[in-house]
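Participant: Please find one structure pasted underneath; my questions will follow.
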Amino acid sequence: MSEIITHAGVIESIDGGRVRVRIVQTSACAACKVAGHCNAAEAKEKLVDVFAADAARWKVGDAVTVAASQQMATQALLLAFGLPLVILIAVLLVVLNVTGREGLAALSGLAALVPYYAVLWFTRGRLQKRLAFWIEQ
């Protein structure tokens, strides 16, 4: 079984089957005793959408725990950063070897990311179902 990543949060809003939960994401050193005196410690509030068929059982203001699998987090990171990096470097090297022009190679590498992110945008509904958070009991 895969590891589970959890964050405590508070329900901000409920809209049909979508539950919006506010979580506080902290860096590893934010829990340190001297974190208030250190610039490295940071905490960010984030809103997470959880799609649940039984959303009516919660209400705004409820404290909940939002969870996701480690595998889901890894897939999301690969789709958002890993694959685009591979595409960028591959196009950059191919165009540089073919033309010998660095500027054109750089622009081509960046331009190759536009269709990639467009495909991600148009398939976001399917990705949303596959890369989903859930609320633990």
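Participant: Output the helices (runs of 4 or more DSSP H) that fall wholly within the range 46-133 and possess 3 or more residues being at pLDDT below 90 and over 14 Å from the mean Cα position of the chain (by Cα), or say none.
Facilitator: none
Participant: Can you confirm whether Leu83 is closer than 24 Å to Gln25 by Cβ, open to solvent by 40 Å² or more (accessible area, probe 1.4 Å), out of contact with any Ser or Thr (no Cβ under 8 Å at 6 or more places or on another chain) and hydrophobic (A, V, I, L, M, F, W, C)?
Facilitator: Criteria met by Leu83.
Participant: Right, next: Quick check on the range 22-35. Is at least one of its residues surrounded by 13 or more Cβ atoms within 10 Å (Cβ to Cβ), at pLDDT 85 or above and part of a strand (DSSP E or B)?
Facilitator: Within the range 22-35 (the criterion being surrounded by 13 or more Cβ atoms within 10 Å (Cβ to Cβ), at pLDDT 85 or above and part of a strand (DSSP E or B)), the answer is yes, since at least one residue qualifies.
Participant: So, in the range 91-117, how many residues would count as being small (Gly, Ala, Ser) and open to solvent by 40 Å² or more (accessible area, probe 1.4 Å)?
Facilitator: So the answer is 4.
The values are calculated or read from the model by the stated rules, or taken from the named source; none is laboratory data. All values derive from a computational prediction rather than experimental measurement. No Cβ is skipped: glycine too gets one built from the backbone with ideal geometry, and neighbour counts run over all protein chains shown. SASA here: full protein model, heavy atoms, side chains in, ligands and nucleic acids out. Shrake-Rupley method; radii C 1.70, N 1.55, O 1.52, S 1.80 Å.
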